[in-house]
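Engineer: Can you read through this structure? Questions will come right after.
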Amino acid sequence: MNDNLIIKGIEFRSRLWVGTGKYRDFEETRKAIEASGADVVTVAVRRVNIIDRKSENLFDYIDPKKYKILPNTAGCYTLEDALRYARLAREAGVSDLVKLEVIGDEKTLFPDVCATLKATEILAKEGFIVFPYVNDDPVMALRLVDAGAAAVMPLAAPIGSGLGIRNPYNIKIILEQAKVPIIVDAGVGTASDVALAMELGCDAVLLNTAIAGAKDPIAMAEAMKHAVVAGRLAYKAGRIPKRLYATASSPIEGML
């Protein structure tokens, strides 16, 4: 089934996007990404060496010709820092894509929505393809679209919490109203969370800790790969309505 995701003319083969943080080493990172089947790999420009080729570099293990590299501004707490690191990645020849994060609270890691909105507007005008990370807020999602976001990335739950989708109803409203791809980001814990996101109609899921923090990251990466496919197929197939009472699964009409 040719069901690839296309954003701004860019074709994405897999709807599972993965991060590169929290692994034991680059070799484990490489193996997990391969097992996930993902073709989008997000990299924290502020935290991971992708620029200095003289020292050990993530790109020694992750081939930029094989994967679409999505630089992110993780760890940025100000508008100025987020803009700086997005521009740095592009100047280094990494990508025009950027996963935009402007964190507003150190304890919860919830986004600074005002700074995120402003940064989205600035970067979009500079020609970036912006994927902003934001709360599961339908109003803010629409404002980000108006600001030029190529997609919106609402959190399922706080970063690294593993709680799964806490408010599926807000996600459904965002899906109905925002006319751009919706990619659930942050808070996913296991394969069933991924399947649920896809069954709701989300266009993709981005995760990191759920794989990197698992007892067996390679096996969990493969589980996530299957969950995305299953959830997407179920969404397109159309589930049966929920009913309060039983309905016979075998027809009874016309029987003697």
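Engineer: Hey, can you tell me all the residues within the range 4-39 that are within 24 Å of Asp81 (Cα to Cα), surrounded by 24 or more Cβ atoms within 10 Å (Cβ to Cβ) and at pLDDT below 95?
Structural biologist: Listed by number, the residues that qualify are Gly19, Thr20.
Engineer: Still on this structure, please answer the following. Please tell me if Lys125 is open to solvent by less than 30 Å² (accessible area, probe 1.4 Å) and within 15 Å of Ala149 (Cα to Cα).
Structural biologist: In short, no.
Engineer: Then there's this: Before we move on, is Glu91 in contact with a helix residue (DSSP H, G or I) (Cβ under 9 Å, 6 or more places away or on another chain), at pLDDT below 95 and either open to solvent by 20 Å² or more (accessible area, probe 1.4 Å) or more than 21 Å from Val41 (Cα to Cα) (or both)?
Structural biologist: It is false that Glu91 is in contact with a helix residue (DSSP H, G or I) (Cβ under 9 Å, 6 or more places away or on another chain), at pLDDT below 95 and either open to solvent by 20 Å² or more (accessible area, probe 1.4 Å) or more than 21 Å from Val41 (Cα to Cα) (or both).
Engineer: May I pose another question? Could you list, in sequence order, the residues of the range 177-208 that are under 15 Å from Asn167 (Cβ atoms), among the hydrophobic types (A, V, I, L, M, F, W, C) and open to solvent by less than 30 Å² (accessible area, probe 1.4 Å)?
Structural biologist: Ile182, Val184, Ala186, Val188, Ala197, Cys202
Engineer: So, in the range 100-151, how many residues would count as being under 19 Å from Arg87 (Cα atoms) and not hydrophobic (A, V, I, L, M, F, W, C)?
Structural biologist: Residues that pass the stated criteria total 11.
Engineer: Residues Asp137, Asp112: which one is acidic (Asp, Glu), closer than 20 Å to Leu175 by Cβ and either at pLDDT 95 or above or surrounded by 23 or more Cβ atoms within 10 Å (Cβ to Cβ) (or both)?
Structural biologist: Among Asp137, Asp112, only Asp137 is acidic (Asp, Glu), closer than 20 Å to Leu175 by Cβ and either at pLDDT 95 or above or surrounded by 23 or more Cβ atoms within 10 Å (Cβ to Cβ) (or both).
Engineer: Okay, next question. As an exercise: evaluate Asp216 against (1) over 15 Å from the mean Cα position of the chain (by Cα); (2) buried (at least 17 other Cβ atoms within 10 Å of the Cβ) and give the number of the one condition it does not meet.
Structural biologist: (2)
Engineer: For the range 46-76, name all the residues that are open to solvent by 40 Å² or more (accessible area, probe 1.4 Å), touching an Asp or Glu at 6+ places or on another chain (Cβ under 9 Å) and at pLDDT 70 or above.
Structural biologist: Those that are open to solvent by 40 Å² or more (accessible area, probe 1.4 Å), touching an Asp or Glu at 6+ places or on another chain (Cβ under 9 Å) and at pLDDT 70 or above: Arg46, Tyr61, Lys66, Lys68.
The values are calculated or read from the model by the stated rules, or taken from the named source; none is laboratory data. Not measured: the values here are computed from a predicted model. When we count neighbours, we look across all protein chains shown, and the Cβ atoms used for this are built from the backbone with ideal geometry, even at glycine. Remember, those area values only see protein heavy atoms, side chains included, never the ligands or the DNA or RNA. Shrake-Rupley method; radii C 1.70, N 1.55, O 1.52, S 1.80 Å.
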